[in-house]
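The structure appears below as structure tokens.
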Amino acid sequence: MNPFSSIIGQSPALESLLRSAGIAAMTDVTILIKGETGTGKEVLANALQKASPRARKPFITLNCAALPETLIESELFGHRKGAFTGAIANQQGLFQAADGGTLFLDEINSLPISIQAKLLRFLDSGECLAVGDTKPYKVNVRVIAATNSDLVQQIAAGEFRQDLYFRLNVVPLELPSLAQRSEDIGPLINHFLNVFSKTHSIDAPKFSRHSLKILKAYPWPGNIRELRNLCERLCILLAGRTIEPENLPFEFTRGVDEERNLETGFKLPEGGVQLDTLEADLIYQALNRTHGNRSQSARLLGLSRDTLLYRMRKHGFAAQ
């Protein structure tokens, strides 16, 4: 089974990324995965591990934003008994736990500067130093890191080491946002609805063509995670039904009216309109533009010729 089959989609941007990922996976090179929140960076890291020669070895994950600075050093590198208050025994770190396998450092942009130097030392020499110890130890660990922010900007702000960035950025893989791969939204929806219908033992709903069009036009700030959550919600609340635009949350449809206005060229004034007066004026404009040709005028107005003649009589144009 292809380890990358868990990443749904066939858009050119995604296929190009997966080709590069497949090549890089077979080596021990350090990889930096870039992408917006919710684009599936951990899923890609997992696929890279499964496609690598380390597939049967440990795959350890750490979210660098999840721990305070006082704990993250010990979590990564371990500590010796008595190194700090509460260190009642020797404790191995994640680097030792991942020996022979892969360590995935998510949100590497949140790693404190003080810890970045120790990570750089490992990447350069393979050596780690436990908190409270004086003798380093060596491990064989591949590092895959991920970031949802611009590390170059963080370097300029003094928040990230430039030398560490260069060491991590050997093979950069940038996951496209969902807005950049809108052609994958349909297959992703089908996948998620199928998963949740089985998980919750309910009939999967279906999206109408109009609803699907709205979803493809939506900017998806939460990317695939946001789409997944929407599919689970609708799968539970509207099981077995057809999902129409009115069933979608407000944030998905609030721009639809504006889009329709741009397409039609008409926006309803705040004070409303007199529909009869507007209709008469449009008929007059159409007749004037076609020099009185009723068949051409009907086409301009999207009406049949008989309907136009009826409305002309209604508004007193019969004599024209």
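Taken over segment 8-41, the residue count meeting the criterion of being part of a helix (DSSP H, G or I) and of a type in the set (Val, Ile, Thr) is 1. Does segment 61-70 contain at least one residue that is over 27 Å from the mean Cα position of the chain (by Cα), within 30 Å of GLU226 (Cα to Cα), at pLDDT below 95 and not in a loop (DSSP other than H, G, I, E, B)? Looking for residues that are over 27 Å from the mean Cα position of the chain (by Cα), within 30 Å of GLU226 (Cα to Cα), at pLDDT below 95 and not in a loop (DSSP other than H, G, I, E, B), one finds at least one in segment 61-70, hence yes. Among residues of segment 125-142 that are among the aliphatic types (A, V, I, L, M), those with a Cβ under 6 angstrom from a residue that is in a loop (DSSP other than H, G, I, E, B), sequence gap 6+ or separate chain, pair up as LEU129/PRO136; ALA130/GLY78; ALA130/ARG80; VAL131/ALA83; VAL139/ASP99; VAL141/ALA98.
Screening GLU107 against (1) under 14 Å from ALA145 (Cβ atoms); (2) surrounded by fewer than 17 Cβ atoms within 10 Å (Cβ to Cβ); (3) not small (Gly, Ala, Ser) leaves a single unmet condition, (2). With respect to the conditions (1) more than 22 Å from ASN148 (Cα to Cα); (2) small (Gly, Ala, Ser); (3) part of a helix (DSSP H, G or I); (4) in contact (Cβ under 8 Å) with a residue 60 or more places away in the chain, SER5 falls short on a single one, namely (4). Here is the figure for segment 75-111: residues that are in contact with a strand residue (DSSP E or B) (Cβ under 6 Å, 6 or more places away or on another chain) and polar (S, T, N, Q) total 3.
Closer than 28 Å to ILE214 by Cβ and either modelled with pLDDT of 85 or more or among the hydrophobic types (A, V, I, L, M, F, W, C) (or both): does that describe GLU246?
For GLU246, the condition - closer than 28 Å to ILE214 by Cβ and either modelled with pLDDT of 85 or more or among the hydrophobic types (A, V, I, L, M, F, W, C) (or both) - is met.
Cβ-Cβ contacts under 7 Å between residues 6 or more apart (or on different chains), taken from a first residue in segment 231-242 that is at positive phi to a second residue that is loosely packed, with under 15 Cβ neighbours inside 10 Å, are listed as GLY240/ASP203.
The condition of being closer than 30 Å to ASN229 by Cα and part of a helix (DSSP H, G or I) holds for only one of LEU120, LEU103, LEU44, that being LEU44.
The selection criterion, being closer than 27 Å to SER11 by Cα and of a type in the set (Lys, Arg), holds for ARG181.
Of note, ALA87 satisfies the criterion of being in contact with a His (Cβ under 9 Å, 6 or more places away or on another chain) and of a type in the set (A, V, I, L, M). Would you check if THR39 is at pLDDT 95 or above, under 24 Å from the mean Cα position of the chain (by Cα) and surrounded by fewer than 20 Cβ atoms within 10 Å (Cβ to Cβ)? So THR39 fails the test. Of the residues LYS206, LYS213, the single one that is in contact with a strand residue (DSSP E or B) (Cβ under 6 Å, 6 or more places away or on another chain) and either surrounded by fewer than 16 Cβ atoms within 10 Å (Cβ to Cβ) or without any contact (Cβ under 8 Å) to a residue 60 or more places away in the chain (or both) is LYS206.
When ALA286 is tested against (1) at pLDDT 85 or above; (2) assigned by TED's automatic domain parsing to the domain that holds HIS191; (3) more than 25 Å from the chain's Cα centre (by Cα), only condition (2) is not met.
The values are calculated or read from the model by the stated rules, or taken from the named source; none is laboratory data. Please read all numbers here as calculations on a predicted model, not as lab measurements. In this analysis, Cβ positions are derived from the backbone assuming ideal geometry, glycine residues included, and neighbour counts consider all displayed protein chains.
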